[in-house]
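Colleague: Please find one structure pasted underneath; my questions will follow.
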Amino acid sequence: MINMSSSGEESSERKTVTIRGLSTDIYDRISKLARETGTTVGEIVNDALRRYIATLENISRAIDNMIRAGDVIVISGVSSLTVTRADLETLEKPVIFKDMDELVFADDVTNDLIKNKVARIVNVNTVYTPKSVSTLLIASKSELVKKIVPK
């Protein structure tokens, strides 16, 4: 837990904020960076959060545009999902998988199916792929994915 005084471009208001659950390693690294760059922890955290929020807004806007255009199917809110070759082949449009704990691509899924049928993978903790599928291909279609694990 840290206390930090913050200020930002959005407002000249300053407020003391407590952040619970912040890793001590992250805080130590931010503190060191602040000392080295002559800034404050608050300025660094504000900048990092501003960039993170902008990234999330850009992802959300891009997905919303694809949905409005009718170019994709969205599958979300499922805790764990296993997807087979047949599942992907039956889709008439590319799919966005989002907001899941784990997404498992079955062993019969290929690089070509991922290229042609998976539009994006967003906010998924762990994606499991067959060893024959390129992890870089999966990564190129991923936003806010914590782990990609070949199985």
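Colleague: Given the criteria modelled with pLDDT under 95, open to solvent by 70 Å² or more (accessible area, probe 1.4 Å) and not β-branched (Val, Ile, Thr), does residue 65 qualify?
Modeller: Numbers: modelled with pLDDT under 95: yes; open to solvent by 70 Å² or more (accessible area, probe 1.4 Å): yes; not β-branched (Val, Ile, Thr): yes.
Considered against the rule, which asks whether it is modelled with pLDDT under 95, open to solvent by 70 Å² or more (accessible area, probe 1.4 Å) and not β-branched (Val, Ile, Thr), residue 65 comes out as yes.
Colleague: Within segment 29-38, track down each residue that is open to solvent by less than 90 Å² (accessible area, probe 1.4 Å) and assigned to a helix (DSSP H, G or I). Even if it seems obvious, please write down each step before you answer.
Modeller: Let us first name the residues in segment 29-38 that are open to solvent by less than 90 Å² (accessible area, probe 1.4 Å), namely 30-31, 33-34, 37-38.
Scanning segment 29-38 gives 30, 31, 33, 34, 37.
Colleague: If you check residue 125 against the conditions, is it under 16 Å from residue 74 (Cα atoms) and open to solvent by 40 Å² or more (accessible area, probe 1.4 Å)? Spell out the reasoning first.
Modeller: Details: under 16 Å from residue 74 (Cα atoms): no; open to solvent by 40 Å² or more (accessible area, probe 1.4 Å): yes.
Against the criterion (under 16 Å from residue 74 (Cα atoms) and open to solvent by 40 Å² or more (accessible area, probe 1.4 Å)), residue 125 does not qualify.
Colleague: Only one residue in 131, 115, 98 is open to solvent by less than 60 Å² (accessible area, probe 1.4 Å) and of a type in the set (Lys, Arg). Which one?
Modeller: Details: 131 fails: open to solvent by less than 60 Å² (accessible area, probe 1.4 Å); 115 fails: open to solvent by less than 60 Å² (accessible area, probe 1.4 Å).
After applying the criteria, what remains is 98.
Colleague: When both residues are 6+ apart or on different chains and their Cβ atoms are under 7 Å apart, which pairs have a first residue that lies in segment 41-70 and is free of Cβ contacts under 8 Å to residues at least 12 places away in the same chain, and a second that is surrounded by fewer than 16 Cβ atoms within 10 Å (Cβ to Cβ) and not β-branched (Val, Ile, Thr)?
Modeller: If the second residue must be surrounded by fewer than 16 Cβ atoms within 10 Å (Cβ to Cβ) and not β-branched (Val, Ile, Thr), no pairs are left.
Colleague: Examine segment 102-111 for a residue that is within 17 Å of residue 139 (Cβ to Cβ), among the small types (Gly, Ala, Ser) and surrounded by 13 or more Cβ atoms within 10 Å (Cβ to Cβ), and state whether such a residue exists.
Modeller: No: zero hits.
Colleague: Where residues in segment 134-151 are closer than 26 Å to residue 69 by Cβ and in a strand (DSSP E or B), which of them is least open to solvent (accessible area, probe 1.4 Å)?
Modeller: Just the residues of segment 134-151 that are closer than 26 Å to residue 69 by Cβ, to begin with: 137-145.
Next, only the ones that are in a strand (DSSP E or B) stay: 142-143.
On the way: 142: 22, 143: 59 Å².
Checking each candidate, the answer is 142.
Colleague: Okay, moving on. So is residue 87 of a type outside the set (S, T, N, Q), open to solvent by 50 Å² or more (accessible area, probe 1.4 Å), within 30 Å of residue 17 (Cβ to Cβ) and at pLDDT 90 or above or not? Walk me through it before giving the result.
Modeller: On the way: of a type outside the set (S, T, N, Q): yes; open to solvent by 50 Å² or more (accessible area, probe 1.4 Å): yes; within 30 Å of residue 17 (Cβ to Cβ): no; at pLDDT 90 or above: yes.
Here the answer is no, as residue 87 does not meet what is asked.
Colleague: Right, next: Residues of segment 68-79 being aliphatic (A, V, I, L, M) and loosely packed, with under 12 Cβ neighbours inside 10 Å, which ones?
Modeller: Matches in segment 68-79: 69 only.
Colleague: Here's something else I'd like to know. Given (1) open to solvent by 50 Å² or more (accessible area, probe 1.4 Å); (2) modelled with pLDDT of 90 or more; (3) polar (S, T, N, Q), identify the lone condition not met by residue 58.
Modeller: (2)
The values are calculated or read from the model by the stated rules, or taken from the named source; none is laboratory data. From a predicted model like this one, the values you see are computed outputs, not experimental measurements. So basically every Cβ, Gly included, is an ideal-geometry build from the backbone, and we count neighbours across all protein chains shown. These accessible areas exclude ligands, DNA and RNA; they are computed on the full protein's heavy atoms, side chains included. Shrake-Rupley method; radii C 1.70, N 1.55, O 1.52, S 1.80 Å.
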